[in-house]
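Each remark here refers to the structure printed beneath this line.
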Amino acid sequence: MIIAVDGPVAAGKGTLARRIADRYGLNYLDTGALYRAVALNLLRTGHDPANRQQALQAAQSVDAISLDDPELRAEETGNVASAVAVNQQVRDSLLSYQRTFAKRLPGAVLDGRDIGTVVCPDADIKIYVTASDDVRARRRHAELEAKGDDLPFDDVLADLRARDARDSGRGAAPLKKADDAYLLDTTKLDIEAALEAACQYIDGFLEKN
Ligand code: DC
């Protein structure tokens, strides 16, 4: 079974996808971490994310070890990840890893931006997680504060909107809800309520199949 979980930044899709994987005993891949690893590699080597060749080389050297680096979660890494993610060659070079992962038994949950539309268009279940800009920015702000990263709320909101615009507006595999995805709006839901809503949807699918 393959479950695709997509959505914009800070909609809660990462936590949700991980919890779904735990509940159903499936493998879990945070595909944003792959783009973040490319970004971190470029930042550390001083290479230019806008240089297509350097970005492609960074994508080709991503490995599982670099996916555990705590700096992957930094705000700057996320912004550079969004910038390199517009590069079609970078996307292509990360595609086979994601598709191979998705086929691992007994099944997998992948979260990202284009899982239901490009990486796994035939996923058994697709969930598109979203929430209002304000709520997402509040969550992101609280997360950063907890890490000791004291960015003003307005900066976090502006960053988030810029990232949404770039992720949805790019030509290469833009962020968008797949037509057959279940829309889960978490604006008024905490993680437990969001998990219950997602699991009800998944259980409904499992009963019929
Ligand atoms: O989910 P995240 O914030 O960790 O992702 C960081 C960036 O990576 C995101 O802004 C866009 C890019 N990304 C992507 O283009 N496709 C994916 N499947 C996952 C992430």
Accessible area of the chain belonging to carbon and sulfur atoms, whole % at 1.4 Å probe: 51
Furthest towards positive pole of dipole, N27, V38, Q60, structure part the chain, Cβ charges: Q60
Alpha carbon centroid spacing (whole Å) that separates region 1-40 from region 178-209: 15
Region 1-145: relative contact order as a whole-number percent, Cα under 8 Å and 6+ apart: 47
Spherically averaged projected area of region 9-116 from its Cα convex hull (nm²): 6.5
Set of lysines with alpha-carbon distance to K103 below 21 Å, sequence-local pairs under 8 removed: K13, K126
Cα→Cβ-extended label distance, 7 Å offset, between N27 and R44, nm: 2.4
Surface accessible to a 1.4 Å probe, per residue, for the residues of region 91-130, Å²: 40
Summed side-chain charge close to P121 - residues other than P121 whose Cβ falls under 10 Å, Lys, Arg +1, Asp, Glu -1: -2
Options H141, L151, I127, ranked by Cα towards positive dipole end of region 73-209, top entry (Cβ charges): I127
Rounded, prolate or oblate (a/c below 1.5 giving rounded, otherwise prolate when a/b exceeds b/c) for the chain by Cα gyration tensor: oblate
Environment charge at A165 (Cβ cut-off 15 Å; Lys +1, Arg +1, Asp -1, Glu -1): +3
Taking region 54-209 and dividing mean pair separation by its residue count, relative contact order in percent (alpha carbons under 8 Å, at least six apart): 26
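The values are calculated or read from the model by the stated rules, or taken from the named source; none is laboratory data. Only a predicted model underlies this, so the values are computations on that prediction, with no experimental measurement involved. Note: ideal-geometry Cβ built from the backbone for every residue, glycine included; neighbour counts use all protein chains shown. What goes into the accessible areas is simple: the full protein's heavy atoms, side chains included, and nothing from ligands, DNA or RNA. Shrake-Rupley method; radii C 1.70, N 1.55, O 1.52, S 1.80 Å.
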